Amino acid sequence: MTPKIQSVRGMNDILPDEAEFWERFEEIIRSWLKSYAYRPIRLPIVEPTPLFKRAIGEVTDIVEKEMYSFIDSLNGEPLTLRPEGTAGCVRAVIQHNLIAQQPQRLYYTGQMFRHERPQKGRYRQFYQVGVEALGFPGPDIDAEQILMGARLWDDLGLDGIALQLNTLGQSGERARHRAELISYFEQHSELLDDDGRRRLHSNPLRILDSKNPALQELILGAPQLIDQLGAESLAHFEGVQQVLRDAGQPFAINPRLVRGLDYYNLTVFEWVSDRLGAQGTVCAGGRYDGLVQQLGGKPAPACGFAMGVERLIALMREAGGEVGAEPVDVYVVHQGQAASRLAARVAEGLRDQGIDVLFHCGGGSFKSQMKKADASGASFAVIIGDDEANAGEVTLKPLRLAGEQPNEQKRVSVDSVADEIMSSILDWEES
Ligand code: ATP
Ligand code: MG
C-alpha cells in the first residue's frame with residue numbers, strides 16, 4: 001500500500017465541525033473590530049528574515065530558536081515564515097507611507113509559525129488576530145486597546161480572563177535598570193541556567209521572562225524597573241490605569257511581565273485565563289514607540305496586541321457554545337434524465353433567489369434520496385421525477401417548518417417554487 005503523508009507536526013487541519021466554529025468566531029471579531037473603527041490590512045506570510053531579527057530582537061526565544069527560516073533557492077534571499085504580525089504590519093505601514101497623513105487603526109488575522117514543542121494550546125502553525133494603532137502617543141489608546149479585549153471576551157461569552165499590566169518605561173530608564181540587573185545576576189551567576197548566563201550581558205531583561213522554575217526565586221529578588229522610572233513614564237502608566245479604573249476594569253500589576261519581544265516600551269499587558277493550564281495567555285500586547293524608526297520609518301508612536309485564536313476557541317468550546325453545520329433551505333431530489341436536467345435548472349433558479357440548496361448528486365432511488373434529504377436538516381425537499389418534468393412542475397415537500405404537516409406536499413409550477421418557499425419561510429418566521 002502507498003504510505004500516507006501526514007501533516008507537519010504542530011500544524012493542524014481544522015475540520016468542518018471545528019471550522020464552522022472558527023467562522024462564527026471570525027464574524028464576532030469583525031463586528032467587534034468595526035465597532036472600534038479598526039480597518040483590515042492583509043500581509044504576506046513570508047517576509048525577509050532581517051525584518052524579524054531587527055524588529056523582535058536577536059536575543060529572544062523567537063529569533064534564537066523558533067523561526068522557520070530558509071533561503072529562497074531561486075535567488076538566495078533569506079526568508080522567514082512570519083512568527084508574529086507586528087513586524088510585517090509596521091514594514092507595510094512604512095513602505096506605503098500609511099501614517100504620513102493621519103494615524104491608523106489596523107488589524108490582521110492569519111497564520112503565524114514558530115518552531116516550538118507542540119502541546120495543548122501551543123502549535124507550530126497557529127492563528128492570531130492582531131491589532132495595531134500607529135501614530136497615537138497614548139495613554140488613551142493603550143487603555144482603549146485594553147478595554148477592547150474586555151469587550152471581546154464578553155462578546156465571545158467568555159469569563160475568567162484576567163488582566164495583567166506593567167510598564168517597561170523608556171530606553172534610558174531600562175538602561176539604568178539593565179545595569180542594576182547585570183550586577184545583581186553577576187553576583188548570583190552560579191544560580192543561572194545556560195540561557196541565563198548567555199543572556200546576562202546581551203539581554204538580562206529576558207532572564208526575567210524565563211520559564212525555568214529553578215530561576216523563579218532569583219527572579220523574584222531582582223531589582224525592579226519601576227524604581228528607575230521618571231515622571232513622564234509614571235504619568236503614562238498612571239494615565240492608562242485611570243481609564244481602566246473609570247471603566248471598572250480590574251487589573252493586576254505584574255512587574256515581571258516583560259513580554260517575549262524586544263520592541264516594547266511603556267505599557268505592556270496580557271490577558272490570562274485560568275482554564276487553559278500553562279498556555280493560559282490568550283492575548284498580549286503593549287506599546288512599541290521605537291519600532292517604526294527602528295525599521296527605517298519616520299519616528300512614530302504605536303501600540304498593539306495579538307490574540308491566540310486556538311486558545312480562545314478552546315475557551316469558547318469549553319463555555320459550551322452550540323455549533324454544527326447550518327442546514328440548507330432546500331434539498332433537491334430527482335430521478336430520470338429529463339427530470340435531472342430540470343432539477344439542475346431549478347436548483348440554480350432557487351439560488352438566484354437567495355435560497356441555499358443542496359442538489360443531490362450520485363443518483364439512487366427516490367427513497368434513499370429522501371432519507372438523505374431528511375438527514376440533511378433541510379427545510380424543504382423539492383422532488384422532480386418524470387411526472388413532474390413532463391408537467392413543468394415540482395413536488396414541494398416541507399420537512400421541518402413548524403405549522404405545516406410534515407407530509408403535506410404539493411405540486412407547484414417550476415416558476416412559482418421559489419415564491420412558495422420564500423412565503424413559507426416568512427410565514428414560519430412570523431409564527
Ligand atoms: P507564550 O508565553 O505562551 O509563549 P508569547 O509571549 O510567545 O506567548 P506572543 O508573541 O505575545 O506570545 O503572541 C500573542 C498570543 O499568541 C499569545 O498570547 C498566545 O495566545 C498566542 N500564541 C503564541 N505562541 C503560540 C503558539 N505557539 N501556539 C498557539 N498560540 C500561540
Ligand atoms: Mg512564546
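Odds and ends about this structure:
- Approximate spin-label separation Asp386-Ala231, in nm, with each point projected 7 Å along Cα-to-Cβ: 9.7
- Gaussian network model of the chain, Cα within-10 Å springs - most flexible of Glu64, Glu217, Glu388: Glu388
- Percent accessible area from carbon and sulfur atoms, segment 16-174, protein chains only, probe 1.4 Å: 49
- Divided by 2.2 N^0.38 Å, where N counts the residues, the Cα radius of gyration of segment 323-431 comes to 0.99.
- Per-pair calculated FRET efficiency, R0 = 51 Å: Ser413 and Val8 via Cβ, rounded to 0.05: 0.40
- Across the cross-link table entries Lys34/Lys120; Lys4/Lys65; Lys367/Lys397; Lys371/Lys397, which are compared at the Cα atoms, the separations over 21 Å belong to Lys34/Lys120; Lys4/Lys65.
- Low-density loop cleavage sites - GluC sites (Glu not before Pro) in segment 272-329, where at most 11 other Cβ are within 10 Å (DSSP): Glu322
- Dipole moment magnitude, nearest 20 debye, the chain about Cα centre, only Lys, Arg, Asp, Glu C-beta charged: 1340
- Solvent-accessible surface ranking, highest first, for Arg174, Arg400 at 1.4 angstrom: Arg400, Arg174
- Within a Gaussian network of the chain (alpha carbon springs, distance under 10 Å), most fluctuating of His96, His334, His115: His334
- Taking 7 Å steps out from each Cα toward its Cβ at Ser31 and Leu191 produces label points 5.2 nm apart.
- Computed over the chain, the ratio Rg/Rh where both radii use C-alpha atoms and Rh is Kirkwood: 1.12
- Solvent exposure of segment 330-422 as accessible area per residue, Å², 1.4 Å probe: 53
- Each residue was assigned an accessible area with a 1.4 Å probe, and for Ile425 the value is about 40 Å².
- Projected label distance in nm at His96 and Ile71, using a 7 Å step from Cα toward the beta-carbon: 3.2
- Accessible surface for Tyr38 stands near 10 Å², nearest 10, in the context of the full protein assembly shown (1.4 Å probe).
- Carbon plus sulfur fraction of accessible area for segment 325-413, probe 1.4 Å, in percent: 46
- Between Gly354, Gly169, Gly377, the GNM of the chain built on Cα springs shorter than 10 angstrom shows Gly354 fluctuating the most.
The values are calculated or read from the model by the stated rules, or taken from the named source; none is laboratory data. The model shown is predicted, which means the values in this text are computed figures rather than measured ones. In this analysis, Cβ positions are derived from the backbone assuming ideal geometry, glycine residues included, and neighbour counts consider all displayed protein chains. Accessible surface areas use protein heavy atoms only, side chains included; no ligands, DNA or RNA. Shrake-Rupley method; radii C 1.70, N 1.55, O 1.52, S 1.80 Å.
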